[in-house]
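To start, the structure itself, in structure tokens.
The values are calculated or read from the model by the stated rules, or taken from the named source; none is laboratory data. Source: prediction; values computed, not measured. All Cβ positions, glycine included, derive from the backbone under ideal geometry; neighbour counts span all protein chains shown.
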Amino acid sequence: MRILSTNKSKKFFFAVFIVLLSFSLSGCQKEQIEDIYILYTNDVASEVYGDVGYAGVKGYKDYLKSEHQYVSLVDAGDFFDGDISRASKGQNIVKVMNAVGYDAVVLGNQEFSIGLDALAENIGKSDFSYVSCNLKYLGSGKDPLKKVKPYVIKKYGPTKIAFIGVTTPETLTEGKEARAAIEKDGQLLYSFYEGNEGADLYQQVQKTIDKVRKKVDYVIVLAHLGSNSVTEGFSSYDLIDHTSGIDVVIDGHSHTVISGEGVYDADGKKVVLTSTGEKLQNLGVLAIHPDHTYTTILYPSVYEKDSSINELIMTFY
């Protein structure tokens with residue numbers, strides 16, 4: 001099992017969950033020669049401090065980058081939630097996430113709750129990519145969220161990874177702020193491929209997977225779907241069960257802690273499913289090894305934090 005084992009790394013964290021998952025991969029085009037590290041968060045909801053905190057995310061990311069060449073940081077949605085974000089309509093969180101150094105995020109349902117105008121403005125001010133392959137504009141005129149792409153491809157030396165976004169159709173739940181924000185004169189401005197008890201969603205995601213699968217070595221889905229207590233047909237388990245070609249699903253929405261689970265897809269191949277819980281109770285680390293195995297680790301604390309992040313956060317009060 002490959003985990004960080006230097007003395008320096010021991011100063012940063014205690015590892016609670018460590019899961020090694022070895023699966024065969026489809027479509028690898030060039031030989032990967034180094035580990036690739038994907039750090040991940042979800043459902044932070046303005047919980048900016050704590051045993052991890054955004055300062056810990058930045059501190060640990062910087063540490064990894066000092067030891068390894070290929071490191072990215074992603075989020076599985078609901079970062080524009082909570083008091084700090086709502087007070088500034090997301091602007092303060094964008095400042096923090098830019099400073100921490102996020103690379104890609106998926107839109108969660110709470111991202112819409114701040115209103116379309118604020119969401120569009122924040123996207124324009126973000127240094128990271130927004131992805132959601134099941135966001136369909138139904139309105140007339142210019143799409144305010146046109147900068148949200150179905151996926152983004154990132155290169156790590158000879159290796160390419162596609163990050164595909166999937167946003168929960170529960171964004172359209174009646175009576176919620178998110179739905180109110182995307183409704184105008186009684187008409188919805190967006191669809192999330194919510195029809196046919198999940199079938200439309202699976203078809204749209206599969207279409208996106210098929211588009212990128214031959215171009216990349218790995219497909220990682222940033223899913224804001226949830227694994228339990230969600231509408232039948234819309235869970236991360238349902239998505240994996242009805243699609244093929246995904247390697248890893250980093251999930252959010254149901255605030256579930258999944259250290260690393262192998263879930264069979266439509267072709268009977270195992271897909272890694274993982275989620276950190278909520279409010280930065282864990283920092284997730286996915287290590288993709290050259291021998292095509294994965295290590296998923298959830299860290300409940302990071303000791304050496306980047307003080308500049310906490311200093312930035314203090315200016316919001």
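General observations
- Of all the residues in region 259-284, those that are farther than 16 Å from Val166 by Cβ and either assigned to a strand (DSSP E or B) or in contact with a helix residue (DSSP H, G or I) (Cβ under 9 Å, 6 or more places away or on another chain) (or both) number 10.
- Test: residue in region 214-230 that is at pLDDT 95 or above and part of a helix (DSSP H, G or I): no
- Condition met for Asp267 (out of contact with any Phe, Trp or Tyr (no Cβ under 9 Å at 6 or more places or on another chain) and surrounded by fewer than 21 Cβ atoms within 10 Å (Cβ to Cβ)): yes
- Selected residue [of a type outside the set (Gly, Ala, Ser), touching a strand residue (DSSP E or B) at 6+ places or on another chain (Cβ under 7 Å) and either crowded, with 19+ Cβ neighbours inside 10 Å or touching a residue at least 24 places away in the same chain (Cβ under 8 Å) (or both)] from His255, His242, His224: His224
- Yes/no for Ser22 being loosely packed, with under 13 Cβ neighbours inside 10 Å, closer than 28 Å to Val131 by Cα and either modelled with pLDDT under 85 or aromatic (Phe, Trp, Tyr) (or both): yes
Table: residues versus (1) farther than 21 Å from Asp247 by Cβ; (2) polar (S, T, N, Q); (3) in contact (Cβ under 8 Å) with a residue 60 or more places away in the chain; (4) out of contact with any strand residue (DSSP E or B) (no Cβ under 9 Å at 6 or more places or on another chain).
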residue: Ile33; (1), (2), (3), (4): no, no, yes, no
residue: Asp83; (1), (2), (3), (4): yes, no, no, yes
residue: Gln91; (1), (2), (3), (4): yes, yes, no, yes
residue: Val94; (1), (2), (3), (4): yes, no, no, yes
residue: Gly101; (1), (2), (3), (4): yes, no, no, no
residue: Ile123; (1), (2), (3), (4): yes, no, no, no
residue: Ser126; (1), (2), (3), (4): yes, yes, no, no
residue: Cys133; (1), (2), (3), (4): no, no, yes, no
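- Residue count, region 260-317 (criterion: touching a Lys or Arg at 6+ places or on another chain (Cβ under 8 Å) and of a type in the set (Lys, Arg)): 1
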